[in-house]
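Below you'll find the structure, written out as structure tokens, and then a few comments.
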């Protein structure tokens, strides 16, 4: 080894030694780095060597910069919460006597989910998790650690839903998708080494069958609502003529509607594609709005 390389090695070793001594907590706070390469990194104590080691999470696979910032914020919060409990990114591989408890892993996942912006996704994921926890509670020997969850255990759970509770193949696949994302979350944080859901395949499902309303059905609906519930009629006309999604329509405010320009402003904060948009409204909608006093 050349003297210059030896000097660099020694400087690196001394820096890590100094880093270990200057951080009695055993870790540094995670930091987001941006530029050509986006990543979050931090130092944490390696129990095997007693030295600080650098952990790095690459974010370049996330295309949108807005999504990178959002994911980085969630990741940093999750890492800090874990570090405060005594976790290090090396302990699962090298400290098998210190496993991650399921209750702690689930609590961290719930916090991660609740920081998401989409209300529907939050409710769906928490509902899936609640049902999965209920299944684990029903077992005679409930697993206490993340690593105790096996593929066969998950297959039994999905079979119970599909064969005994009678959910459709599509719904069963949705449960599998949730489990896959849940355990990917655990893999990303080194709670486990591999995803036990990966060997489980989706069931074949038939195409969705949608029956559009016929002209006579639309006429009956219009006549009934015109007499009994004009507010519901307005909502139906909004959906029918503007294609604003029901979840978006719930968040439309009065000042998002322009009578002069005959359009509705849909903010990127509530739209599915996260983009601002102006949607045209026709006179039929506008007249009904005015009749209702809007």
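Taken together, the values in this text are just the output of simple stated rules run on the coordinates, not laboratory data. None of these values were measured; they are calculated from a predicted model. Note that each Cβ is placed from the backbone with ideal geometry, even for glycine, and that neighbours are counted across all protein chains shown.
Points worth noting:
- Spin-label model, residue 51/residue 210: points 7 Å from Cα along the beta carbon direction are separated by 5.9 nm.
- Full extension of the chain segment joining residue 280 with residue 141 gains 44.2 nm, where the gain is 0.36 nm per residue of separation less the Cα-Cα distance.
- Structure-based [θ]222 nm, the chain - -39500 (n - 2.57) summed over DSSP H runs of at least 4, per residue, nearest 500: -16000 deg cm²/dmol
- Residue of 238, 217, 52 that the Gaussian network model of the chain assigns the largest fluctuation, springs spanning Cα pairs under 10 Å: 217
- Within the chain, antiparallel bridges make up roughly 100 percent of the DSSP beta bridges whose residues both belong there.
- Efficiency of FRET from Cβ geometry, residue 134 and residue 107, R₀ 22 Å, rounded to 0.05: 0.85
- Residue of 63, 209, 110 that the Gaussian network model of the chain assigns the largest fluctuation, springs spanning Cα pairs under 10 Å: 209
- Highest mobility in the GNM of the chain, judged by mean-square fluctuation with C-alpha springs under 10 Å and restricted to 145, 119, 269, is found for 269.
- Rounded tilt (10° steps) of 3-22 against the dominant C-alpha axis of the chain: 70
- Nearest 10 degrees, 0 to 90: helix 169-188 Cα axis against the chain principal axis: 30
- The chain: angle of helix 215-228 to the longest principal axis, Cα-based, in degrees nearest 10: 90
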